[in-house]
Structure formats: C-alpha cells, structure tokens
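There's a structure below that I have some questions on.
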Amino acid sequence: MTNRFATVFVLLAVAAASQACTPIGAAVGAGATVGVAASEERGVSGVVDDAKIRLEINKLWLDQDFEMYRKVDMSVVEGRVLLTGEVAKPEHRVEAVRLTWQAEGVREVINEIKVGDTAGIKDFKNDVWIGTELRSRLMFDKFIRNINYTVDVVNGDVYLTGIAQNQAELNRVIDHAREVPRVRRVVNYVVMKDDPKRKKAGEPAPAPAKN
C-alpha cells in the first residue's frame, strides 16, 4: 500500500509541476491533489488514470506540433477527453483528435476545437474572468459538489464536464453558468453518477470507431 501511494504521489507531482513555480510548490500541490482526489467521485485511482492520459496526450501533441500543444486544451474525466481551443486550419483539428486517440486509456473524444484565429487578449481575459466567476459560484453553492466538475471557457462558450450526483445538481450548475455575464452559450458534457457509460474498475478502454 505504501509503494502504491508513493507511485500515486509521484505521478500527481509530475502533473502538478506544470502549474508550480518551484519543486516545493509542485510537491505541496501534489499533496493537496491527493487529498482532493480522494474526495472526488472518480476516486484517487480515477484521477491518476486521467493524469496519465493527460500527460501522454500532451507529449503526443508537443512531439507533433508546438502550436497544437499551445492552442488546444483538454479536460479528462474517466477517460472521456474534451478538446477545446482554436487552431488555424481544419487539418490541425483532425490531427489533434487523431493523436488524442493514441493515448492509452482514452474512451471517448469530444471535439470542440474551433477553426480560425479570432481570439485576442481581450477574449482571453474575458474567458479567464468567466471561468473564475463560475467556479466561485459553484464552490459556494452548498447543494453542488463542485469538486466533481470541470469548467472550460473558449470565446465566451462554457463547456462543462464531470460527474453529477443527480439531475437537480446538474441543473443548478447549468443555471449558474447561464447567469454569469458575458457567457454566450453553455455546452454540457456532464454524466450522471449512476450513468452506465461511466468507466468501471478494471474495464478496458474501447478502441476508436473505424470509418
């Protein structure tokens, strides 16, 4: 058990390092992440699996094209990968999806990448403000387990992923998102806690559909 916990801690430390300014900050962040992960609906093992997927996808993108790595964002929940961001050409969008499917453990890819180059500093600041405001509202709503939700904002569009306890909770989350000023639309990819599509322990990831 001790060895397994150490492995989990190291993996989360690597994931946290990209958001920390110092090694100490990364270690502290990883320690906090372990505690938070234990409270999530997907559990520590689910968080670790998703962290592995995220790291592998980032490496695939970075090896292929730095601009792809820089401009495409992702959220990973139980092997379901939501891709957002904006790329210059349609083929870049296709390539990002293709590479995402190569990561071990990916069960579904939701492609919300936009084609174009319209986002500016003003749009970026607006998206950051919307995301911060919405996360704050979810955090202070006692009827929502905000730890189970991920919020992504692109050009005023809010994308929700995560695991809802029930429909009533999800409705509250969506209502909060719609009430935040400057939000253009809300796109919901949240699944229910008892949804049979959720990953089960030990269940292998399905292969991507072939055309």
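The values are calculated or read from the model by the stated rules, or taken from the named source; none is laboratory data. Here the structure is a predicted model, which is why all the values come from computation and not from measurement. Here the Cβ positions follow ideal geometry from the backbone for every residue, glycine too, while neighbour counts run over all protein chains shown.
Quick one: is VAL187 buried (at least 18 other Cβ atoms within 10 Å of the Cβ) and modelled with pLDDT of 95 or more?
On the way: buried (at least 18 other Cβ atoms within 10 Å of the Cβ): no; modelled with pLDDT of 95 or more: yes.
The answer is no for VAL187.
Sort out which residues of region 155-191 are over 19 Å from SER136 (Cβ atoms) and touching a Gly at 6+ places or on another chain (Cβ under 9 Å), and write them in order of number.
Selection gives ARG184, ARG185, TYR189, VAL191.
What is the residue count in region 150-182 for residues that are farther than 25 Å from LYS122 by Cα and either assigned by the TED database to the domain that holds GLY79 or in contact with a helix residue (DSSP H, G or I) (Cβ under 6 Å, 6 or more places away or on another chain) (or both)?
Qualifying residue count for the region: 3.
Next question, about the same structure. Just the residues that are among the small types (Gly, Ala, Ser) and either in contact with a Pro (Cβ under 8 Å, 6 or more places away or on another chain) or surrounded by 12 or more Cβ atoms within 10 Å (Cβ to Cβ) (or both), please, taken from region 168-184.
Restricting attention to region 168-184, the residues satisfying the condition of being among the small types (Gly, Ala, Ser) are 168, 177.
The one that is among the small types (Gly, Ala, Ser) and either in contact with a Pro (Cβ under 8 Å, 6 or more places away or on another chain) or surrounded by 12 or more Cβ atoms within 10 Å (Cβ to Cβ) (or both): ALA177.
Where residues in region 44-63 are acidic (Asp, Glu) and within 24 Å of GLU91 (Cβ to Cβ), which of them is surrounded by the most Cβ atoms within 10 Å (Cβ to Cβ)? Give the steps one after another, and end with the answer.
First, the residues of region 44-63 that are acidic (Asp, Glu): 49-50, 56, 63.
Restricting the remaining residues to those that are within 24 Å of GLU91 (Cβ to Cβ) gives 56, 63.
On the way: GLU56: 17, ASP63: 11.
Checking each candidate, the answer is GLU56.
Can you find even one residue in region 64-78 that is of a type in the set (Gly, Ala, Ser), in contact with a Lys or Arg (Cβ under 8 Å, 6 or more places away or on another chain) and either surrounded by 18 or more Cβ atoms within 10 Å (Cβ to Cβ) or not assigned by the TED database to the domain that holds ASN188 (or both)? Steps first, answer last, please.
Step one: of region 64-78, the residues of a type in the set (Gly, Ala, Ser) are 75.
Pick out the ones that are also in contact with a Lys or Arg (Cβ under 8 Å, 6 or more places away or on another chain) and you get none.
No, the conditions are met nowhere in region 64-78.
Report yes if some residue within region 113-120 is surrounded by 19 or more Cβ atoms within 10 Å (Cβ to Cβ), under 15 Å from the mean Cα position of the chain (by Cα) and under 27 Å from TRP61 (Cα atoms); otherwise report no. Give the steps one after another, and end with the answer.
Within region 113-120, the subset surrounded by 19 or more Cβ atoms within 10 Å (Cβ to Cβ) is 113.
Then keep just the ones that are under 15 Å from the mean Cα position of the chain (by Cα); that gives 113.
When the remaining residues are screened for being under 27 Å from TRP61 (Cα atoms), the result is 113.
Checked against the condition, which is being surrounded by 19 or more Cβ atoms within 10 Å (Cβ to Cβ), under 15 Å from the mean Cα position of the chain (by Cα) and under 27 Å from TRP61 (Cα atoms), region 113-120 yields at least one hit.
Select from region 121-138 the residues that are among the aliphatic types (A, V, I, L, M) and either under 17 Å from ARG178 (Cβ atoms) or under 17 Å from the mean Cα position of the chain (by Cα) (or both) and write down the one among them that is surrounded by the fewest Cβ atoms within 10 Å (Cβ to Cβ).
VAL128
Before we move on, is TRP61 under 25 Å from VAL44 (Cα atoms) and not charged (D, E, K, R)? Show your work before the answer.
Numbers: under 25 Å from VAL44 (Cα atoms): no; not charged (D, E, K, R): yes.
So TRP61 fails the test.
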